[in-house]
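Asks: Before I ask anything, let me first share the structure, which is written out below as structure tokens.
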Ligand SMILES: NC(=O)c1ccc[n+]([C@@H]2O[C@H](COP(=O)([O-])OP(=O)(O)OC[C@H]3O[C@@H](n4cnc5c(N)ncnc54)[C@H](O)[C@@H]3O)[C@@H](O)[C@H]2O)c1
């Protein structure tokens, strides 16, 4: 990835942070867009710089189309190009379907579906213009293929992401721009600890087939694979420690 440039949304911490570090460890410079203030991303930024790579950090709400265009502009202005894009920023909401307000469901679609739409489109335009292909990866979820209760908007938005990626892959193949997605199982990130609490996350792994939660770095490695794999497009890579395997009752 030497001389290449990656954009990562939600890259301050968690899966996005680990992926940004993985990009840097393979030689890419990184543009991070995250709603958190820069100081909350100090650890991630420090690790990228320690690897000798450049990092641009933009405090941005990627639910806004302009924020995504600004990320692409920053990559071009500061580092000269865009090669890899990771649409990762996300958050969930647990609420029974019959109690879920439509406005709340729409907000989930804004961050899970629309943010990815805006960034992948802005980046694809730039990749077509610069030539030489590129790679777009979406962080989806095992929720995209299974209907976990109390998460209807999140589940549906993640399923929409998968199908968006498939369609983009078809349309952009002539430009050698690839689009893939990852379906993580349960991954130990700051976001999960805020949503479920430390106790549930610490003890939850015992109930999983693999005996532990996944690590953000394990998703980051999958992201890097998809970015480097020139013959892989329109593909969903499940990294879930067998979470979705049917198990004997
Ligand atoms: N952790 C899991 O178990 C798991 C499983 C499947 C899928 N995912 C997906 O992985 C992605 C990352 O989740 P995570 O677990 O690392 O969460 P996290 O909360 O630890 O990290 C998410 C990052 O996204 C940022 N973000 C949130 N809203 C934003 C916005 N509007 N604009 C810009 N940045 C924003 C946050 O500030 C944070 O830095 C999400 O799309 C999530 O749905 C997570």
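Asks: Filter region 77-130 down to residues that are touching a strand residue (DSSP E or B) at 6+ places or on another chain (Cβ under 7 Å), closer than 25 Å to residue 183 by Cβ and assigned to a helix (DSSP H, G or I), then give me how many there are.
Replies: Adding up the residues that qualify gives 7.
To keep it simple, each residue is scored yes or no on (1) within 15 Å of the ligand (Cβ to nearest atom); (2) within 22 Å of residue 190 (Cα to Cα).
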residue: 91; (1), (2): yes, yes
residue: 95; (1), (2): no, yes
residue: 125; (1), (2): no, no
residue: 128; (1), (2): no, no
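Asks: So which of 134, 214, 191 is near the ligand (Cβ under 8 Å from one of its atoms), farther than 16 Å from residue 118 by Cα and buried (at least 21 other Cβ atoms within 10 Å of the Cβ)? Quick ask: steps written out before the conclusion?
Replies: Values: 134 fails: near the ligand (Cβ under 8 Å from one of its atoms); 191 fails: buried (at least 21 other Cβ atoms within 10 Å of the Cβ).
214 is the lone residue from the list that is near the ligand (Cβ under 8 Å from one of its atoms), farther than 16 Å from residue 118 by Cα and buried (at least 21 other Cβ atoms within 10 Å of the Cβ).
Asks: Here's something else I'd like to know. On the basis of being in a helix (DSSP H, G or I) and surrounded by fewer than 14 Cβ atoms within 10 Å (Cβ to Cβ), does residue 43 make the cut?
Replies: Details: in a helix (DSSP H, G or I): yes; surrounded by fewer than 14 Cβ atoms within 10 Å (Cβ to Cβ): yes.
Criteria met by residue 43.
Asks: Still on this structure: I want to confirm something. Restricting to region 1-13 and keeping residues that are crowded, with 24+ Cβ neighbours inside 10 Å and not in a strand (DSSP E or B), which single residue is farthest from the ligand (Cβ to nearest atom)?
Replies: Among them, the one singled out is 11.
Asks: May I pose another question? Considering only region 193-221, state which residues are in contact with a strand residue (DSSP E or B) (Cβ under 8 Å, 6 or more places away or on another chain) and assigned to a loop (DSSP other than H, G, I, E, B).
Replies: Correct list: 213, 215.
Asks: Next question. If I ask for residues that are within 16 Å of the ligand (Cβ to nearest atom), within 21 Å of residue 110 (Cβ to Cβ) and touching a strand residue (DSSP E or B) at 6+ places or on another chain (Cβ under 7 Å), which ones from region 139-178 would you list?
Replies: Answer for region 139-178, where residues must be within 16 Å of the ligand (Cβ to nearest atom), within 21 Å of residue 110 (Cβ to Cβ) and touching a strand residue (DSSP E or B) at 6+ places or on another chain (Cβ under 7 Å): 139, 140, 141, 144, 161, 162, 165.
Asks: Still on this structure, please answer the following. Just give me the residues in region 222-248 being assigned to a helix (DSSP H, G or I) and either loosely packed, with under 14 Cβ neighbours inside 10 Å or away from the ligand (no atom under 15 Å from the Cβ) (or both), in sequence order.
Replies: Looking only at region 222-248, we keep the residues that are assigned to a helix (DSSP H, G or I), and these are 222-228.
Passing the criteria: 224, 225, 227, 228.
Asks: Restricting attention to region 46-72, and to residues there that are within 17 Å of the chain's Cα centre (by Cα), surrounded by 22 or more Cβ atoms within 10 Å (Cβ to Cβ) and within 21 Å of residue 22 (Cβ to Cβ), which single residue is nearest to the ligand (Cβ to nearest atom)?
Replies: 62
The numbers here are math on the coordinates, done by the rules we state, and not lab data. Not measured: the values here are computed from a predicted model. Positions of Cβ are backbone-derived with ideal geometry, glycine not excepted, and every protein chain shown enters the neighbour counts.
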